[in-house]
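Contents: one structure, followed by commentary.
The values are calculated or read from the model by the stated rules, or taken from the named source; none is laboratory data. What you see is a predicted model, and the numbers here were worked out from it, not measured in a lab. All Cβ positions, even for glycine, are placed from backbone atoms using ideal geometry, and neighbour counts span all protein chains on display.
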Amino acid sequence: MKAEKNNVVSLTYELRITGKDGEVIDTAKENQPLDFIYGSGMMLPKFEENLANLKADDSFDFMLTAEEGYGVRNEENLADVPMNVFQQDGKIEEGLLVVGNVIPLQDQEGNRFNGQVVSLTDETVKLDFNHPLAGEKLYFTGKILSIRESTKQELEHGHVHSHGHDH
Ligand SMILES: [Zn+2]
């Protein structure tokens with residue numbers, strides 16, 4: 001069976017940024033592989049494209065450009081947010097607004113997103129809303145462990161039922 005639309009692919013991987021000798025920033029090992037439904041929009045499209053037609057035991061090794069990955073950095077995704085937004089009961093949690101911290105936020109529609117603190121003034125916090133991997137080249141290596149057909153229920157739920165996830 002091959003990696004193609006609606007099959008459940010289970011794989012190990014290592015993700016390095018910048019290139020083959022770059023820092024490893026994410027891994028999935030055999031005892032806790034990455035499982036996903038191929039072609040269902042869970043993964044980066046170019047990631048799946050590079051796995052197309054691979055089978056169990058095949059290894060992979062490929063690079064995605066920033067555009068193929070999480071996009072290029074956009075300086076318009078920086079914003080000065082008034083300090084009082086972060087107040088709860090008139091106070092700001094100690095240690096929350098520190099340069100480098102990633103702060104979970106929610107907009108009025110309930111969408112969740114993260115902003116990283118870039119700098120602070122007395123009245124405002126400059127937050128960076130770019131994806132943490134925006135602008136990075138992504139180098140993936142790994143191995144396909146198994147490929148199977150997805151069940152009807154998995155397709156309905158849009159996720160894989162295995163490795164402890166079941167209901
Ligand atoms: Zn489910």
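Numbers for the structure displayed
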item	result
Counted residues, the range 118-141 - those being among the hydrophobic types (A, V, I, L, M, F, W, C) and part of a strand (DSSP E or B)	6
Scan of the range 93-113 for residues that are part of a strand (DSSP E or B) and modelled with pLDDT under 90, ordered by number	P104, L105, Q106, R112, F113
D21 vs. criteria under 21 Å from E136 (Cα atoms), in a loop (DSSP other than H, G, I, E, B) and over 20 Å from the mean Cα position of the chain (by Cα)	yes
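Okay, residues lined up against (1) assigned by TED's automatic domain parsing to the domain that holds T12; (2) within 12 Å of the ligand (Cβ to nearest atom); (3) at positive phi:
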site	(1), (2), (3)
L120	no, no, no
E123	no, no, no
L138	yes, no, no
K143	yes, no, no
R148	yes, no, no
Q153	yes, yes, no
